[in-house]
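In what follows, a single structure is set out as structure tokens and then discussed.
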Amino acid sequence: MKIESKSAVILCNGLPPNRTQIVQSLKETDLFIAADGGGNSARIMNIAPDIVIGDLDSYQHRQSDPWNVIEIASQNSNDLEKALDFALQNDITEAIVYGATGLRLDHTVKNLSVLKQFHSRFESLFFRDRYCDVKLIESPFTETLPLYTSISLFPLSGTVAGVTSKGLKYELTDDTLKNGVMDGSSNLTVSSEIKITFESGDLLFFINHESDS
């Protein structure tokens, strides 16, 4: 099955997104993939995916479902990995992932590891839920955001060295972010453009939403 497209929305089996969020994203995308139990969430929201893919241990299949279903029984990859692999096989270069966070914490942590695994294989790949967007960033990194946007930084690799920021209320200057020692949570933008550089490590960037609406 080959679908000529560039961007995809992927819906996983974590905390379901606000329906308005995902409907807006679907207006600007070419392919909608539900990862296993994400197909149940899509059905509840009355949004039809193009494909449901995974080991299908959570998806409640109905004969009346109008979409294609692909079962991949392998336990060497989780359902998000299977969905992302399918996206790459169909020439997707940009993907927004919903439902990768929330509910089971171990699933959230695993999916953050998957984000690192696939980050370099997409032009753009990030998670979105009711409360934030999260992406893995490269140095140097720039982002244009409204003033006083809440953002957070997190050292996914355990340690991120040589972090310097511009345009944030609490600036970093050649600092080291380290789990259990110092992180970069709950900062605010004070400039329309922020800049972040760092020397080593894997750095997560969170854009926190004002509400879950």
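Estimated at the nearest 10 Å², the accessible area of K116 is 100 Å² with a 1.4 Å probe. Between T159 and S58, take the C-beta separation as r, use R0 = 45 Å, and let me know the FRET efficiency to the nearest 0.05. The pair T159/S58 has a calculated efficiency of 0.80.
Pulled fully out, how much extra length does the chain show between S150 and A48, if you take 0.36 nm times their separation in residues and subtract their Cα-Cα distance?
Values: separation 102, 0.36 × 102 = 36.72 nm, distance 3.29 nm.
Value of the extension gain: 33.4 nm.
Other residues whose C-beta falls under 14 angstrom from the C-beta of G158 contribute a net charge of 0, scoring Lys and Arg +1 and Asp and Glu -1. Of all complete DSSP H helices in the chain, those with a Cα span along the helix axis of 18 Å or greater and a mean Kyte-Doolittle hydropathy of -1.0 or more are 105-119.
Going 7 Å from the Cα of R104 in the Cα-to-Cβ direction, what parts of region 27-56 have a backbone nitrogen less than 19 Å from that spot? Taking a point 7 Å out along Cα→Cβ of R104, the residues of region 27-56 whose backbone N falls under 19 Å are 34-42, 53-56. Once C-alpha pairs closer than 8 Å and six or more residues apart are averaged by separation and normalised to the residue number of the chain, the relative contact order reads 19 percent. The charge dipole of the chain, taken about its Cα centre with unit charges on the Cβ atoms of Lys, Arg (+1), Asp and Glu (-1) only, comes to about 320 debye.
The values are calculated or read from the model by the stated rules, or taken from the named source; none is laboratory data. Everything numeric in this text was worked out from a predicted model, so none of it was measured. We place every Cβ from the backbone using ideal geometry, glycine too, and count neighbours over all the protein chains shown. Keep in mind that these areas ignore ligands, DNA and RNA; they rest on the heavy atoms of the full protein, side chains included. Shrake-Rupley method; radii C 1.70, N 1.55, O 1.52, S 1.80 Å.
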